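Take a look at the structure set out below.
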Amino acid sequence: MSRRSLTHRSRTAATVTALACGLLLASAGGAAAERPTGTTTPGGDTGDGDIGSSVEYIYHSPGGTQPMSSSSGDWSPPVCWFEPRYTNQELYEHNEELEEKGPLEGIDHDTADNREEETDAHKDRDGMWWERTPMMSPRSCEIGELWIWVDRGDPDPPADAVDPEILAGLAYDRTKLPAPPVDLKPNEDRNVVNLPTKIEFSEPLDRVWTTASLVNAQAGIDIAATTVAEPVSLRIEAGTEYAEPSACTYDLVEAGGGYQVDSEGAGCNITYRKSSGDGTYPMEAQIVWDVTWNPTSGPDGEPQNGDLPDGLSVSEQDVTVKEIQTVVR
């Protein structure tokens, strides 16, 4: 079995590594702008010593405007991971370029010599240096190795090495959802007291998915994961205590090539019991999205077990409720 060789094992060197991380790494989330539907290219070398993630994203989210939030509120994306970055020669040349620019803050001569010794020790080895990559900020990485050597085809990858489950979490964090396309009957400016307010969508909702992938032929890495969000229910909150009931929840059904709701004949429809006067009531619509992931580059792969929570998208509209006028003769 091939073995990996770790860098910066000493406590002092580990601390120095964390400082170097702040200088050498860029945010993976900032590698490219997000798009509701389309592709973002990987980050790569920015040319100024900063390294972005090589993860590439593909989006399918028609009308997506809201970053997907967790319905439970206690989920967070992966913070740091290792991904293949340099051959031994490339890391040697990278270090040489940095030294030509001058000493890095927090890097002493012993650490610089240690880097040179490590690259010398791995000459003619078939493998790559994997680099610690942060999700948001270099400071989000725990103190530890900046680079880890991994032999090509090593069946025992380093801890926190990028894998489909990490990619699924990154895809979740990048997913954008459409706001609930809620239409009211009567319209939001024509509601009247004691008349049930019926709900429908102005257009069907589609599934939303984001694919995150990382391909590095030199390292023998070709992995992907697709996070899929399917709208399953709609909750309407009246925005006032003067409504019966104050909220209704509807299951979404597949119709018209997507997911739709129509509360005509439903057992729950909000009825306002008091006029909004000169103001309005803030009616809120919340869609719950069932989220799954699979280790492929498409939305129809076999879902895997995981801890991705339901997603949530929200919209609010002002509802005017009037008294019914009657004529007394």
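The values are calculated or read from the model by the stated rules, or taken from the named source; none is laboratory data. All figures in this text were calculated on a predicted structure; none of them were measured in a lab. All Cβ positions, even for glycine, are placed from backbone atoms using ideal geometry, and neighbour counts span all protein chains on display.
Taking the conditions (1) at pLDDT 90 or above; (2) among the small types (Gly, Ala, Ser); (3) under 22 Å from residue 219 (Cα atoms) in turn, residue 53 satisfies each one other than (1). Considering every residue within region 294-304, establish whether at least one is in a strand (DSSP E or B), modelled with pLDDT of 95 or more and surrounded by 13 or more Cβ atoms within 10 Å (Cβ to Cβ). Yes, region 294-304 contains at least one residue that is in a strand (DSSP E or B), modelled with pLDDT of 95 or more and surrounded by 13 or more Cβ atoms within 10 Å (Cβ to Cβ). Does region 274-292 include one or more residues that are modelled with pLDDT of 95 or more, in contact with a helix residue (DSSP H, G or I) (Cβ under 6 Å, 6 or more places away or on another chain) and assigned to a strand (DSSP E or B)? No: region 274-292 contains no residue that is modelled with pLDDT of 95 or more, in contact with a helix residue (DSSP H, G or I) (Cβ under 6 Å, 6 or more places away or on another chain) and assigned to a strand (DSSP E or B).
When you check residue 225 against the structure, is it among the small types (Gly, Ala, Ser), touching a strand residue (DSSP E or B) at 6+ places or on another chain (Cβ under 6 Å) and buried (at least 17 other Cβ atoms within 10 Å of the Cβ), yes or no? Considered against the rule, which asks whether it is among the small types (Gly, Ala, Ser), touching a strand residue (DSSP E or B) at 6+ places or on another chain (Cβ under 6 Å) and buried (at least 17 other Cβ atoms within 10 Å of the Cβ), residue 225 comes out as yes.
Pull up region 142-181, narrow it to residues that are basic (Lys, Arg) and closer than 25 Å to residue 67 by Cβ, then point me to the one that is surrounded by the most Cβ atoms within 10 Å (Cβ to Cβ). Before the answer, list the steps.
Initial filter on region 142-181 (basic (Lys, Arg)): 152, 174, 176.
Imposing the further condition that a residue be closer than 25 Å to residue 67 by Cβ reduces the set to 174, 176.
Working: 174: 24, 176: 20.
Result: 174.
Among what's in region 184-195 and is surrounded by fewer than 16 Cβ atoms within 10 Å (Cβ to Cβ) and not hydrophobic (A, V, I, L, M, F, W, C), pick the residue that is farthest from residue 314 (Cα to Cα). My answer is 194. Only a single criterion out of (1) over 27 Å from residue 73 (Cα atoms); (2) surrounded by fewer than 17 Cβ atoms within 10 Å (Cβ to Cβ); (3) in contact with a Leu (Cβ under 7 Å, 6 or more places away or on another chain) is not satisfied by residue 262, namely (3).
Can you tell me how many residues within region 238-247 are surrounded by fewer than 20 Cβ atoms within 10 Å (Cβ to Cβ) and part of a strand (DSSP E or B)? Outline the logic, then answer.
Start the filter on region 238-247 by keeping residues that are surrounded by fewer than 20 Cβ atoms within 10 Å (Cβ to Cβ), which leaves 240-242, 244-247.
Retained after the next criterion (residues that are part of a strand (DSSP E or B)): 244, 247.
So the count comes out to 2.
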